[in-house]
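Here the structure comes first, spelled out in structure tokens, and everything after it is commentary.
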Amino acid sequence: MTAPAPAPAPGLGEAAEAVARFREDLRHLSREIGLRLVGQTEIVEGVIAALLAGGHVLLEGVPGLGKTLLVKTLAEALDLAFSRIQFTPDLMPADVVGTNMIVETSGARRFEFQRGPIFSNLVLADEINRATPKTQSALLEAMQEQAVTVGKQTYPLPPPFFVLATQNPIEMEGTYPLPEAQLDRFFFKLRVELPGNADLHAILDRTTGVADPIVRRVLDGARLLELRELVRQVPVARPIQDFAVRLIEATHPERSQVARVRKLVRYGSSPRGAQAVILAAKIKALTDGRFAPSFDDIRRVAAPALRHRVLLNFEGEAEGVGADALLAEILAALPEVP
């Protein structure tokens, strides 16, 4: 007589259904974005991952690669408010967050706060490194605290709030490098590469004809916040978390076992880097239909989560060493079990 099959664990069916809905929502969102944006699959996945984690993205790439189109299409597919801020050397903090204006009503004058373009759900900070540090700092509180302070009054930003900033890696004249504190507030730094031959043909076919694809709303803000909550509920095994912790420690020259890190790195990643790695690994697991992240998930998200948090010293800059190469060396030398 065969033994009866074990009863399913409580809540397992609900968890499987939640993961299936998560994957279906992401598939619909990626499909709508793909109606307008050709290729750039990794960039789209990275932006969506940061959005689900509640983080922000720094895109690095030359002009004309569809960065603005990506954010606008994402806003349409999510039915969220979108604003674009073109950063220039003469842009002031009040141009970003807003300012108090004197208004007159019924013969009486009073101050009234006029909200700036930061009060939106999806904010594109275009060419952020062209603005002065004073203006760049206007984004600091907004990105971290989801609020802005003007005078003595603090104004919350509408949830969900997401900043996608771009910078041109070629033109360095008249630019102001982002300070380390602001770089650390970006969940991912993604590099937008030039399209290949087939993608370039597809771009020309779509943009030089009469067709204009209509993007449907597939999610709303409330559902996006539900997906964020689901990401937070994904468990992480202690060995996986320990692997991420040792990865972060290995980016610091005083703790690393990799000789080139000790020689070429000035500062390693902050704890925010560990948070980004774990959250991104959770999203990778959910996207693949798994209930928990693996060692490979940590490896896959390490570069976009940490490349802007590993700061090279003068010797590293002079040798032209990239943070990605050093992270690859760290991962190759890092055992899964210490």
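The values are calculated or read from the model by the stated rules, or taken from the named source; none is laboratory data. Keep in mind the model is a prediction, meaning the values are calculated, not measured. As a convention, Cβ positions derive from the backbone with ideal geometry for all residues, glycine included, and neighbour counts pool all protein chains shown. Side chains included, ligands, DNA and RNA excluded: accessible areas come from the protein's heavy atoms. Shrake-Rupley method; radii C 1.70, N 1.55, O 1.52, S 1.80 Å.
Some observations on this one:
- Qualifying residue in the range 300-315 (condition: at pLDDT 95 or above and open to solvent by 60 Å² or more (accessible area, probe 1.4 Å)): yes
- The conditions of being surrounded by fewer than 22 Cβ atoms within 10 Å (Cβ to Cβ) and in contact with a Ser or Thr (Cβ under 6 Å, 6 or more places away or on another chain) are not met by R272.
- Residue count for the range 227-252 satisfying the condition of being free of Cβ contacts under 8 Å to residues at least 24 places away in the same chain and surrounded by 15 or more Cβ atoms within 10 Å (Cβ to Cβ): 2.
- Neighbours by Cβ (under 7 Å, 6+ apart or cross-chain): first from the range 181-209, more than 30 Å from Q275 (Cα to Cα); second part of a helix (DSSP H, G or I): P195/I203
- Counting only strands (runs of 3 or more DSSP E) that sit wholly inside the range 91-191, those with at least 3 residues that are open to solvent by less than 40 Å² (accessible area, probe 1.4 Å) are 122-126, 147-150, 162-167, 188-191.
- Restricted to the range 318-338, and to residues there that are in a helix (DSSP H, G or I), open to solvent by 30 Å² or more (accessible area, probe 1.4 Å) and in contact (Cβ under 8 Å) with a residue 40 or more places away in the chain, the residue that is nearest to A244 (Cα to Cα) is L331.
- Scanning the range 270-317 for residues that are farther than 22 Å from L26 by Cα, out of contact with any Phe, Trp or Tyr (no Cβ under 7 Å at 6 or more places or on another chain) and outside any helix (DSSP H, G or I) yields S270, R307, R309, V310, L312, N313.
- Scanning the range 37-52 for residues that are assigned to a helix (DSSP H, G or I) and buried (at least 22 other Cβ atoms within 10 Å of the Cβ) returns I43, G46, V47, A49, A50, L51, L52.
- If you go through the range 240-261 and keep only what is in a helix (DSSP H, G or I), at pLDDT below 95 and not small (G, A, S), you end up with R260, V261.
- The listed residue being farther than 19 Å from R185 by Cα and within 16 Å of the chain's Cα centre (by Cα), out of R262, R307, R300: R300
Results for (1) of a type in the set (K, R); (2) under 18 Å from A50 (Cα atoms); (3) in contact with a helix residue (DSSP H, G or I) (Cβ under 7 Å, 6 or more places away or on another chain); (4) at pLDDT 90 or above, shown as yes or no for each residue.
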| residue | (1), (2), (3), (4) |
| --- | --- |
| F162 | no, yes, yes, yes |
| E173 | no, no, no, no |
| P179 | no, no, yes, no |
| R185 | yes, yes, yes, yes |
| I203 | no, no, no, no |
| R206 | yes, no, no, no |
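- Hey, F82 closer than 30 Å to L35 by Cβ and either out of contact with any helix residue (DSSP H, G or I) (no Cβ under 7 Å at 6 or more places or on another chain) or touching a residue at least 40 places away in the same chain (Cβ under 8 Å) (or both) or not: yes
- Test: residue in the range 22-36 that is assigned to a loop (DSSP other than H, G, I, E, B), at pLDDT below 90, surrounded by 11 or more Cβ atoms within 10 Å (Cβ to Cβ) and on the phi < 0 side of the Ramachandran plot: yes
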